[in-house]
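Structure first, commentary second.
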């Protein structure tokens, strides 16, 4: 059985949980609390496992793999059913481009360690920090909405009528946007995809509130 080191609110760990659920791969969830006692990701024990001090981390015996994008690609190769990447090369590239638009251009700017740096090191006010967060979400979602309105099939999934890896990136980002009270009324396609995925068991079980370390 795999061990998945994560945190209930981690966007990146959320992606991996969805994939594991969709592919029905058994795993043990191990919590690395990113805030408690200064952050358990900074402990020597965890740094020994993952020198980056980030989550998620997938472990199987002596095999240890960090970075959610690498983990998702690994799971796709090891457990090809259901497919999260299309068969055709151009379609696969488009899905990956959407994943990177979220993972590279939106998520890093709003990562916990960035927000902590803004408030703890640069003494940015909570109001300014939230403004920063919302600015990058809105900018990124504006581009995504324009793209997804062309590729989504009636707002069911990001690409056509089947779940793809792009949905695994989008849904956690929408969760965070809602958490920080970003107005998503200008993004009907994104909201429709989020609502549709939110009805599927694999997504429900992977949601932050359903994790063992969630704050009740």
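Readers should treat all values here as calculations from the given coordinates under stated rules, not as data from a laboratory. Since the model is a prediction, treat every value here as computed from it, not as a measurement. Backbone-built Cβ (ideal geometry, glycine too); neighbour counts: all protein chains shown.
Data for the structure
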| quantity | calculated |
| --- | --- |
| Length-normalised contact order for the stretch 2-81 - Cα pairs under 8 Å, 6+ apart - percent | 35 |
| Area projected by the alpha carbon convex hull of the chain, averaged over all directions, nm² | 12.1 |
| Share, in percent, of DSSP beta bridges within the stretch 1-78 that are antiparallel, nearest 5 | 60 |
| Cα convex hull of the stretch 1-112 - mean projected area over all directions, nm² | 7.3 |
| Relative contact order, percent, the stretch 52-102 [alpha-carbon distance under 8 Å, six or more residues apart] | 18 |
| Cα-based equivalent ellipsoid, the stretch 1-56: semi-axes from gyration tensor eigenvalues, Å | 21, 12, 8 |
| Spherically averaged projected area in nm², based on the convex hull that wraps the Cα atoms of the stretch 137-187 | 3.3 |
| Computed [θ] at 222 nm, deg cm²/dmol, the chain (DSSP H ≥ 4; -39,500 (n - 2.57); rounded to nearest 500) | -15000 deg cm²/dmol |
| Sites residue 131 and residue 210 - FRET efficiency at Förster radius 35 Å, r taken between beta-carbons, to 0.05 | 0.70 |
| Rounded if a/c under 1.5, otherwise prolate or oblate - the stretch 60-110, Cα gyration tensor axes | oblate |
| Net length gained if the chain between residue 186 and residue 74 were fully extended (0.36 nm per residue, minus Cα distance) | 36.8 nm |
| Two-decimal ratio, the stretch 78-177, of alpha-carbon radius of gyration to 2.2 N^0.38 Å | 1.25 |
| Cβ-based exposure ranking for 136, 8, in which fewest neighbours within 10 Å come first | 136, 8 |
